Amino acid sequence: MSEDRSTDNAAVPATGDAAAAPETSAVNETETPGRRRLTTLLIIAAVLFGLDLLTKCLAVAYIDPDDPVPIIGDFARLDLVRNPGAAFSMATGMTWLLTLIAAAVVVGVIRIGRTLRSLWWAIGLGMVLGGAMGNLVDRIFRSPGPLQGHVVDFVAIGWWPVFNVADSAIVCGAILLVALTIFGFEPDGTRSGRKHTEKTA
């Protein structure tokens, strides 16, 4: 009799917590890469934001707006400029709108970052986020007032408009994201070409 009971018990499938354990571990395994990518994104953004803030403070403290500092003759120099608009002096009378756009970019990048599985997308979005936060702080806290603040630019190279670390981060991050999109690298870590091949196979 005891042998029959042991056999029956062994045949009964696990229930309750024992059955739920594999499902829980599977969920944790799928969530971990996303959390890691978000952490990477935020670290990159924080480093670039800190570097942008530091260089702007140094530029305001040591560069005379009327006396640019030459680095390579007139081609590359440090030239302190207060920019109320976007690049190429566009939208100079719409500083408040640029502030709202920057705030929307910050919120949007953070929301997207929570679902990322691709390291390269995390790097690109982290660069965009760090740059957007750097210029957003200027728009909010610098003169002439909240939402109207002028961004501090200080790097001048050739004919290119004067820019800062935040601008460089945004441009480089955007170029990386465009390249990833063109070559089919998806935010979830897959490639669109391979995904299509697997479906048709």
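Taking segment 153-177 as the search range and keeping residues that are among the small types (Gly, Ala, Ser) and not in a helix (DSSP H, G or I), which one is nearest to the chain's Cα centre (by Cα)? Steps first, answer last, please.
Pass one, segment 153-177, residues among the small types (Gly, Ala, Ser): 156, 158, 166, 168-169, 173-174.
The next check asks that each one be not in a helix (DSSP H, G or I); those that pass are 156, 158.
Details: ALA156: 25, GLY158: 28 Å.
Filtering segment 153-177 for residues that are among the small types (Gly, Ala, Ser) and not in a helix (DSSP H, G or I), the one nearest to the chain's Cα centre (by Cα) comes out as ALA156.
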Enumeration of residues in segment 68-107 that are modelled with pLDDT of 90 or more and acidic (Asp, Glu) = ASP79
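Return the total of residues in segment 34-85 being free of Cβ contacts under 8 Å to residues at least 60 places away in the same chain and open to solvent by less than 40 Å² (accessible area, probe 1.4 Å). Working first, answer last.
Here is the first cut: in segment 34-85, the residues free of Cβ contacts under 8 Å to residues at least 60 places away in the same chain are 35-36, 39, 50, 54, 57-58, 61-62, 64-67, 69-74, 85.
Cutting the leftovers down to open to solvent by less than 40 Å² (accessible area, probe 1.4 Å) gives us 50, 85.
So the answer is 2.
Conditions tested, residue by residue: (1) acidic (Asp, Glu); (2) in contact with a helix residue (DSSP H, G or I) (Cβ under 7 Å, 6 or more places away or on another chain); (3) surrounded by 15 or more Cβ atoms within 10 Å (Cβ to Cβ); (4) over 27 Å from ARG37 (Cβ atoms).
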site	(1), (2), (3), (4)
GLY149	no, yes, yes, yes
GLY158	no, no, no, yes
PRO161	no, yes, yes, yes
ALA169	no, yes, yes, no
CYS172	no, yes, yes, no
GLY184	no, yes, no, no
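For PHE185, indicate whether it is over 21 Å from the mean Cα position of the chain (by Cα), on the phi < 0 side of the Ramachandran plot and not aliphatic (A, V, I, L, M). If you could, list the steps in order and put the result at the bottom.
Values: over 21 Å from the mean Cα position of the chain (by Cα): no; on the phi < 0 side of the Ramachandran plot: yes; not aliphatic (A, V, I, L, M): yes.
When the stated conditions are applied, PHE185 does not pass them.
Quick check, is ARG114 open to solvent by 80 Å² or more (accessible area, probe 1.4 Å), touching a helix residue (DSSP H, G or I) at 6+ places or on another chain (Cβ under 9 Å) and not small (Gly, Ala, Ser)?
Working: open to solvent by 80 Å² or more (accessible area, probe 1.4 Å): yes; touching a helix residue (DSSP H, G or I) at 6+ places or on another chain (Cβ under 9 Å): yes; not small (Gly, Ala, Ser): yes.
Yes.
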Cross-chain or 6+ apart pairs with Cβ under 8 Å, segment 118-144 first and open to solvent by less than 10 Å² (accessible area, probe 1.4 Å), then among the β-branched types (Val, Ile, Thr) and not in a helix (DSSP H, G or I) = ASP138/VAL151; ASP138/VAL152
Could you say whether any residue in segment 90-104 is over 29 Å from ALA179 (Cα atoms), part of a helix (DSSP H, G or I), more than 22 Å from the chain's Cα centre (by Cα) and among the small types (Gly, Ala, Ser)?
-> no
Which condition number in (1) at pLDDT 95 or above; (2) closer than 27 Å to LEU78 by Cβ; (3) not aromatic (Phe, Trp, Tyr) is the one that LEU180 fails?
-> (2)
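The values are calculated or read from the model by the stated rules, or taken from the named source; none is laboratory data. As the structure is a prediction and not an experimental result, all values here were calculated from the model. Note that each Cβ is placed from the backbone with ideal geometry, even for glycine, and that neighbours are counted across all protein chains shown. Accessible surface is based on the protein model in full, side chains and every heavy atom, while ligands, DNA and RNA are left aside. Shrake-Rupley method; radii C 1.70, N 1.55, O 1.52, S 1.80 Å.
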